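As structure tokens, the structure follows; a few thoughts come after it.
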Amino acid sequence: MNSMTFSATNSTNFNVDAHQRRGCLSLPGKTMPMNLLILGVAVVGYFALHSILASPGAKDFLVARLLPQRYYRLVFNAVSVLLLLPLAWQFFSMKKVVVCEFMLRVPFTGWLLVAAGAGCMALAFRSYDLPEFTGIFQLKNSRPPEHETLSTSGLHARVRHPLYLGTLLVAWGWFVFSPTDAVLLLAVLTSCYT
């Protein structure tokens, strides 16, 4: 069968075979394609490693044996970003199957969700100390920051973790304007993780 590019909007192209376009959640065949399975395992591995490295036990272990305290947060953030690169390569290089074709008619709704999520995250970052969050404070001061009190102002007054809410809105908004199997997998796994 001939392969074709299916365009949902002017800016979103899907690399799918004509026979793979389906109605909502009608995945082809009975087994998950290998590239989708690899992506899923890699994303779960990324989330697991991220959680492990963020845990106090792992941090204490690594600081005691390998990495001075002042570098930990900066290295943690750098590793988190660098490990996203192979995930992005896997995602963008794989063939995707449209699993919810009717959503292709309403991509604007997805963009609204993505914008709302990005706005939520931007507002949330206003209540964080960015030098501390990135690890720059620790690097400059050679010590961890003082323990802060629980933030209950701004978006934190309404939502316990606005960054998680923003992430969920972006993930599901992305699925609405790009309703493919790979984006659905990312949205579901992100929902489970957050």
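Pairing residues of region 170-190 that are free of Cβ contacts under 8 Å to residues at least 40 places away in the same chain with residues that are of a type in the set (Phe, Trp, Tyr), at Cβ distances under 8 Å and at least 6 apart in sequence or on separate chains, gives Ala187/Trp172; Ala187/Trp174; Ala187/Phe175.
Being of a type in the set (S, T, N, Q) and touching a helix residue (DSSP H, G or I) at 6+ places or on another chain (Cβ under 8 Å) is the filter; apply it to region 54-106 and report the residue that is nearest to Pro131 (Cα to Cα). Reasoning before the result, please.
Residues of region 54-106 that are of a type in the set (S, T, N, Q), as a first pass: 55, 69, 77, 80, 90, 93.
Next, from what is left, pick out any that are touching a helix residue (DSSP H, G or I) at 6+ places or on another chain (Cβ under 8 Å): 69, 77, 80, 90.
Working: Gln69: 15, Asn77: 12, Ser80: 17, Gln90: 31 Å.
Ranking the qualifying residues of region 54-106, first place goes to Asn77.
Looking for something under 23 Å from Ser178 (Cα atoms), touching an Asp or Glu at 6+ places or on another chain (Cβ under 8 Å) and surrounded by 13 or more Cβ atoms within 10 Å (Cβ to Cβ) - is there at least one such residue anywhere in region 72-95? There is at least one residue in region 72-95 that is under 23 Å from Ser178 (Cα atoms), touching an Asp or Glu at 6+ places or on another chain (Cβ under 8 Å) and surrounded by 13 or more Cβ atoms within 10 Å (Cβ to Cβ). The residue that is farthest from Val75 (Cα to Cα), counting only those in region 105-141 that are in contact (Cβ under 8 Å) with a residue 60 or more places away in the chain and touching a Ser or Thr at 6+ places or on another chain (Cβ under 8 Å), is Pro107. The criterion of at least 1 residues that are modelled with pLDDT under 80 is met, among helices (runs of 4 or more DSSP H) falling completely within region 96-166, by 130-134, 136-141.
The values are calculated or read from the model by the stated rules, or taken from the named source; none is laboratory data. Worth saying up front: this structure is predicted, and the values here are computed from it rather than measured. No Cβ is skipped: glycine too gets one built from the backbone with ideal geometry, and neighbour counts run over all protein chains shown.
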